[in-house]
1. Just checking, how many residues over region 220-250 are open to solvent by less than 10 Å² (accessible area, probe 1.4 Å), out of contact with any Gly (no Cβ under 7 Å at 6 or more places or on another chain) and part of a strand (DSSP E or B)?
2. Being open to solvent by 60 Å² or more (accessible area, probe 1.4 Å) and over 21 Å from the mean Cα position of the chain (by Cα) is the filter here; which residues of region 261-307 pass it?
3. List, please: which pairs have Cβ atoms under 7 Å, are six or more places apart or on different chains, and start with a residue in region 606-622 that is among the basic types (Lys, Arg) and end with one that is not in a strand (DSSP E or B)?
4. Just for strands (runs of 3 or more DSSP E) wholly inside region 298-397: which have at least 1 residues that are in contact with a helix residue (DSSP H, G or I) (Cβ under 9 Å, 6 or more places away or on another chain) and of a type outside the set (Ser, Thr, Tyr)?
5. Output the residue which, of all residues in region 62-74 that are in contact with a Leu (Cβ under 6 Å, 6 or more places away or on another chain) and surrounded by fewer than 24 Cβ atoms within 10 Å (Cβ to Cβ), is nearest to Ser438 (Cα to Cα).
6. Do we have Ala44 as aliphatic (A, V, I, L, M), at pLDDT below 50, buried (at least 22 other Cβ atoms within 10 Å of the Cβ) and part of a loop (DSSP other than H, G, I, E, B) here?
7. One residue is enough: does region 507-523 have a residue meeting the conditions open to solvent by 30 Å² or more (accessible area, probe 1.4 Å) and modelled with pLDDT under 95?
8. Among the residues that make up region 544-554, is at least one of them in contact with a Lys or Arg (Cβ under 9 Å, 6 or more places away or on another chain), of a type in the set (Ser, Thr, Tyr) and crowded, with 22+ Cβ neighbours inside 10 Å?
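The values are calculated or read from the model by the stated rules, or taken from the named source; none is laboratory data. Since the model is a prediction, treat every value here as computed from it, not as a measurement. Don't worry about glycine lacking a Cβ; one is built from the backbone with ideal geometry, like all the others, and counts go over all protein chains shown. Side chains included, ligands, DNA and RNA excluded: accessible areas come from the protein's heavy atoms. Shrake-Rupley method; radii C 1.70, N 1.55, O 1.52, S 1.80 Å.
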Amino acid sequence: MSRPARVRRRRPGPLVSVVAGLTVVVGLLVAAAPAAPAAPTAGAAGSGDAPGGRLVATVAAPRTPQVLDGRVYSVTQVGRTVVLGGSFTRVREDRSNRRFVRRGLVAFDAVTGRIKQRFHPDPVGDVRVVRPAPDGRSVYVGGEFTSIAGTPRAKLARIRVRDGGVVRSFRPGRVTGTVKDLVVTRGRLWIAGAFTHVGGRPHRALATLRPDTGRATGFMSLVLAGHHRRGATQVLKVAATPDGGRLVAVGNFATVGGAVRRELVVLDVGGRRAQVARFRTDFYSSACARRFDTTMRDVDVSPDGTYLVVATTGGYGGPRGSCDTVARFELAATGADAVPSWVDYTGGDTTYSVEVTGPAVYVGGHARWFNNPYASNAAGPGAVARRGIAALDPLNGLPLSWNPGRDRGVGVFDFLLTRQGLWVASDTTRIGRDQLRSRIALLPARGLPVAPTRAVRLPASVYLGGPDGLSRRRFDGRHAGAPQAAPDGGLRWGHVHGAFVVGPRLYVAHADGRLTVRSFDGTTYGPASTVYTADALVPLRGWVDDVRQATGMFFDSGRVYFTRTGSDRLYYRYFSPQSGVVGAERLVAPAVPAGVDLRQVRGMFVASGRFFWATPDGVLHAAGWQRGAVSGSVVGPSSPASAPDGGGTWNGRTLFVAPT
């Protein structure tokens, strides 16, 4: 993950409905602008709304250079110049046979792809990270090198973009170990890695420097100590919130400032000294494969600063572990054991890099599948194939339909989101329909649109389906109009076990275990198709059984909630309307309050912050509905909703609400 300095986020243009399978092919690199994320802000999980936006394209742009060996560990952009850092030694321009020697660092024009001839620092040793300096004319370089541009600068340096020369006023002194990540925030340069001293002073794994001189400061005086299992205390990756008030670090450590924080720590950095935040999780105490000293690989913070996403390695650890996962946590969480809002499992493959945007969480590694908690090194029930790169739904972590594919190799080591699109830095040569884009690729910004989702608000039309067909009545939460016959769309509503509307689409759960989707405007139905995405590899039989046993169903905050015959529990599975993927795990919402008997449900829906359900006697009941980061919940007290003013009852088989 990397973020350009001092970015301004653009608001997206008008959103349109998703067209499944749409691929945008961009023939030329678009004109470059100062690097800035192209996505809108993401909503917090507790809000439950998804802002929509656009994904990047699945076909890579032409003209990007070919990096001919080694790895590209880091990518950044200054103006219209892109700088790569890594372990490579040779590069060439696209569609050219001319090769250039570039050891560890190379710069090229973001528009033309032409390699910058004067930028030739040739560090002696690998570069692990490059990040833009505040002046807009230079970059910070961190890694394992002992000298750079012919100057003895070990592990950390500042380099001019125009000619690759060392900025001599930046003199951090001796750094006693590898620098693995950098971030500039609130006028401070944070360096992270496997070092113990900076400039002759003790600073283990994490330190703050003056961005202009490189002199270490006392702002970060918290001592990191210990390890997850063994090995050196180190920080692998850091990420700051957009306002600079918090910094997240992941790596191999056990305590920070004497407080227990295993592998993940959130720091409050808005005051006079860095302080350990009250956020703490024990999720990463899982017993993963012993060969890993730490399971952490990357972390990023959402554009609105409300949540973080962590990517890990570790080998398959089962459906409740943290090994080989991508997980979201809310930054507002406090206390001793923050739990993930969601977890996506690869089934035993590492995800090395993560980039959080408004409409998607991009992840890259050598994964073969996502939504795969129940199998090790194989596709399990519900698994979705995503080779080496994926875009996950921010609300639930399920894979979106975006699927360029790439040679898996070891993995993607860095992402950079700019107005041009998503830069992908890796160790492999092919991406996006087997295009040759050696170790660096640009997936242009003009990709699939993702429609926003919003909470249902009353007044609205409530539809009641049963053996007598389909009817609807206007309902404002207190008063219901007279029932009116509604077109049934050719459906046998007495055999429907649940239905819900998301945007312009109606989802119907059938007695035979199918979930179908069709367009619906309140009157007219489009042709139906079966939602089968999560069954494409290995059938998700548990979900089929849930549909067969369902007595009511509704959608909220990226989750399908449902009740089952004879059970007093409210269940849910993650569901992505954009891709049609159903979560492999059946989860349980918090217990309902006294007076709410879910064994009597005959249809239910949520609207305007209230939970409504019908019972066999034809009465509509209401209770409160509280959205949550992990799950929504029914809250008391409960009471019968007002009887229909126009007569009739709520006796049927299913209920759903549409804003028509």
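1. The qualifying residues number 7.
2. Hits for region 261-307 are Arg262, Arg272, Arg273, Gln275, Arg278, Ser285, Ala287, Arg290, Arg291.
3. Final answer for the pair search is Arg610/Gly477.
4. It comes to 307-312, 325-330, 342-345.
5. Looking at the filtered set, the residue picked out is Thr64.
6. no
7. yes
8. Yes.
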